[in-house]
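Q: Let me begin by handing over the structure; questions about it come next.
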Amino acid sequence: QEDVFKKVVSHAKEYGFIFPSSEIYDGLSAVYDYGQNGAELKNNIKQYWWKAMVQLNENIVGLDSAILMHPTTWKASGHVDAFNDPLIDNKDSKKRFRADVLIEDYCAKLEDKAQKEIEKAEKRFGDAFDKAQFEATNPRVIEYREKQKTILARMAKSLENNDLADVKALIEELEIADPDTGSKNWTDVRQFNLMFGTKLGASAESAMDLYLRPETAQGIFVNFLNVQKTSRHKLPFGIAQIGKAFRNEIVARQFIFRMREFEQMEMQFFVPPGTELKFYEEWKQKRLNWHLALGLGQENYKFHDHEKLAHYANAAADIEFKFPFGFKELEGIHSRTDFDLSAHEQHSGRKLQYFDPERNENYVPYVVETSIGLDRMFLALFSNCLKDEVLEDGSERTVLSLPPALAPVKAAILPLVKKDGLPEFAEKIFNDLKYDFNVISEEKDSIGKRYRRQDAIGTPFCITVDHDSLTDNTVTLRERDTMKQERVKVEDLRRIIDEKVNF
Ligand code: ATP
């Protein structure tokens, strides 16, 4: 697993997807830059989300609100008082950790043990293996699972009561060690606010303390009436937004899973009070379907319904994805009640109500939110699609089998040789396709090497121009996944590519 993750990180760098930020200065911890292919993939994910949410839903509109917001926003939202993580330092290694993550990782190891028992039994019993039956009756699996439950329940309760001494006691009882040094010498647990502060204004006296937004949602809440009135939408309706968010995370080697500057794709759906749980269930399913449509495999997703709810929610679930380091949150679906709008009403003194013509009354709408990290989605796709394959002839290739709709480059146009008019012919095809697709042209290296490079960045099609092309106006079209090659007419290229990459 560790190796898979390392391979993901190095492949992302080697092929121009993700670089450490300000690398010439040795980088900045948990901050990353997207390279030429990463920027394309990220843009494609955004468009795919935006189309599914905004374009295909008559009652959802977009928004692009500012990163800097009036500081009272964060008082009202609860972030100033409660957007904390429990932090613990290791006295020997001087390294900092999130106490809850240390405990969760401990539980993940117990789950690994349970999975190993299951796999062993599966091998032993073969086709006759009844997994559900085994999980329900095997004493070791039951023990591992019960232990996880007890630990997580105790942690949740301690955090809820802000009993940080008990969180530390739990870490000590479980004998959790610094994963790198093995040291068990911990400091006390304390709360750490994750918001980045900054200042607005020139002179020290007039400067105002601001925060970089830790989520995009609040920009939607404070604009609720502006959008509702100008779009003339009736409830239920939604506002969607893609944008940067900033959190001063306590992080340990998680690449783009947990960054200090990241992007969110959020949608707040405003509904009449009392209908929120119906819409919550609906959005849970719709969002899962969105993921499944990408074809990364149903077995890689699961819902995690929250038992412990945030102060603003009356129901919440995560869509978890199987990352190289196990199942982790990819997206959250939350029923946020009227908490945010009511809090902004109180703090601003402005009404944030909706007149419902059917009920003939004014009320503060309830909100169901879907919130997905763009970078986490990137990592989900990238890590799932990166594969080493052994081919029939025994050779190997690395292929990034991204859904064609999201691939950074849709087709690479490759003249077989750099002479005899082949490059000019390739250029004609390039100029013809570039208005519809992101295509590239490559002349360097052998054709085999060029195919491999395109496989490694996930290009669905390679178009090879050879001497016959000049006379019969056909090219060889190679498909990434099957590696099948067929001869097609130049004038058919646009249609064939479009059928595959359109969404
Ligand atoms: P976690 O428990 O992993 O810290 P969270 O519950 O705080 O996440 P939310 O506040 O619900 O996350 O944010 C919604 C989504 O934003 C998450 O599902 C995740 O995809 C993404 N996200 C949150 N924090 C980060 C981060 N530091 N880096 C990248 N993506 C993030």
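Each reported figure results from applying straightforward, stated rules to the coordinates on display, with no laboratory input. Since the structure is predicted, the reported quantities are computational estimates derived from the model, not experimental observations. As a convention, Cβ positions derive from the backbone with ideal geometry for all residues, glycine included, and neighbour counts pool all protein chains shown.
Q: Please go through the residue pairs LYS46/LYS109; LYS109/LYS147; LYS120/LYS157; LYS13/LYS302 and name each one whose alpha carbons sit more than 23 Å apart in this structure.
A: Numbers: LYS46/LYS109 34 Å; LYS109/LYS147 11 Å; LYS120/LYS157 35 Å; LYS13/LYS302 29 Å.
Exceeds cut-off: LYS46/LYS109; LYS120/LYS157; LYS13/LYS302.
Q: Given only helices, namely DSSP H runs of n ≥ 4 each adding -39500 (n - 2.57), what is the per-residue ellipticity at 222 nm of the chain, to the nearest 500 deg cm²/dmol?
A: Numbers: 17 runs with 194 residues, N = 503.
Counting only the DSSP helices, I get -12000 deg cm²/dmol.
Q: I need the peptides 2-10, 33-41 ranked by packing, meaning the mean over residues of other C-beta atoms within 10 angstrom, with the highest value on top. Kindly include the intermediate steps, with their values, before the conclusion.
A: Details: 2-10: 13.6, 33-41: 18.7.
Highest mean packing first, the order is 33-41, 2-10.
Q: Angle check, please: helix 339-348 long axis (alpha carbons) against the longest principal axis of the chain (alpha carbons), in degrees 0 to 90, nearest 10.
A: 70 degrees
Q: Region 321-391: D in µm²/s via Stokes-Einstein (Kirkwood Rh, Cα pairs, 37 °C, 0.692 mPa s)?
A: On the way: Rh = 15.8 Å.
D = 207 µm²/s.
Q: Oh, and also: For region 176-279, rounded, prolate or oblate, judged on the Cα gyration tensor with a ≥ b ≥ c (square roots of eigenvalues), a/c < 1.5 rounded, else prolate if a/b > b/c?
A: Details: a/c = 2.79, a/b = 1.56, b/c = 1.79.
Because a/c hits 1.5 or more and a/b fails to exceed b/c, region 176-279 counts as oblate.
Q: Just flag the chymotrypsin sites (Phe, Trp or Tyr not before Pro) in region 419-457 sitting in loop per DSSP whose Cβ has no more than 10 other Cβ atoms within 10 Å. Show your work: numbers first, answer last.
A: Working: sites: PHE425, PHE430, TYR435, PHE437, TYR451; in loops: TYR435, PHE437.
Of the chymotrypsin sites (Phe, Trp or Tyr not before Pro), the ones in loops of region 419-457 whose Cβ has at most 10 other Cβ atoms within 10 Å are TYR435.
Q: Right, another one. Compute from the Cα atoms of the chain the Rg and the Dmax, the latter being the longest Cα-Cα distance, and quote both in angstrom.
A: That works out to 26.1, 80 Å for Rg and Dmax.
Q: Relative to the first principal axis of the alpha-carbon coordinates of the chain, what is the inclination of helix 422-433, with its axis defined by its Cα atoms, in degrees from 0 to 90 and to the nearest 10?
A: With both axes taken from Cα atoms, the answer is about 40 degrees.
Q: Which FRET efficiency value, to the nearest 0.05, do you get for ASP388 and ASN314 by plugging their Cβ-Cβ distance into 1/(1 + (r/R0)^6) with R0 = 51 Å? Please list the in-between numbers first.
A: Working: r = 46 Å, r/R0 = 0.90.
E between ASP388 and ASN314, to the nearest 0.05, is 0.65.
Q: Under 18 Å from the Cα of LYS284, which aspartates and glutamates turn up, not counting those fewer than eight places away in the same chain?
A: Output for LYS284: GLU266, GLU276, GLU299, ASP305, GLU307, ASP318, GLU320, GLU329, GLU331, GLU369.
Q: Going Cα to Cα from LYS428, which lysines come in below 29 Å? Please leave out same-chain ones fewer than 8 positions away.
A: Excluding near neighbours in sequence, the set is LYS42, LYS410, LYS418, LYS419, LYS444, LYS449, LYS484, LYS489, LYS500.
Q: Something else about it: Give the lysines whose C-alpha is closer than 18 Å to that of LYS234, dropping any in the same chain fewer than 8 places away, or say none.
A: LYS278, LYS351
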